[in-house]
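Scroll down for the structure; my scribbles are underneath it.
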Amino acid sequence: INGGINQYWGIKIQGINKTPNDFTLRDCKFTGDGSGTHLLIVNCHNFTVRGCHVFNSKAKDSLGTDDMMQGLSFLSCHDFTMSDCTARNLLTYEYRDNSFTGTTNQFSYSNINTRGFSFSGSYDYSVTGCHSYNVDQGFDVTGSGEHKRWTFSACTATNCSAVGFKAANGPSYGMFSNCITKNIGLYAFPISTNIYPDDHDTARYCTVSNCK
């Protein structure tokens, strides 16, 4: 993978008019360097993802901004389940100004601008027993549109620079239950609405239950 977050991928499954459906993806491993998304599933329904793992990947892009690399991403999907998957050690190359000289000569890899799991514009799905480690955002449930009726249970987010489990912009009627965060840089379970929301950009009826 090497390029835009949704333009370059390791494996992409693209449905047309909500097909393909009724498939199972299991026991896959993704690694290797470059910006983009390792597993991208778009416009599909009635499927299962189980035991897939993304790990030890680096992206180096001097023009990179937000979200340079993703582990597993689901766009405009519904009626699916995911279980026992992991995303860990997703890193980007960071250009920083030297604190003494002000010139850009400090370079290092960090987990900034990476997502372990991303879900957008999807509904009627469940995620169980999945784990995100050493990324910027562990689980990102976000995006405008009809994003509703979703559950995350027994999942963990560890060593995430920004957030552990995020529900932002439009997801509604969802729940995080029995999930655990550890060593989170900013927020463990943020739930927020778009700055200028319309009816589909308002997060509502989201529950965090028995989480730490």
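Quick look at the numbers
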read-out	value
Per residue solvent-accessible surface (Å²) - segment 134-177, probe of 1.4 Å	26 Å²
Inter-probe distance in nm under a simple model that places probes 7 Å from Cα toward Cβ, at Arg50 and Val208	3.1 nm
Given Lys58/Lys212; Lys12/Lys182; Lys148/Lys212; Lys58/Lys182, the pairs whose alpha carbons are separated by over 25 Å	Lys58/Lys212; Lys12/Lys182
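The values are calculated or read from the model by the stated rules, or taken from the named source; none is laboratory data. For clarity, every value in this text was computed on a predicted model and none was experimentally measured. Methodologically, a virtual Cβ is constructed for each residue, glycine included, from the backbone with ideal geometry; neighbour enumeration extends over all protein chains shown. Calculation scope for accessible area: heavy atoms of the full protein, side chains included, ligands and nucleic acids excluded. Shrake-Rupley method; radii C 1.70, N 1.55, O 1.52, S 1.80 Å.
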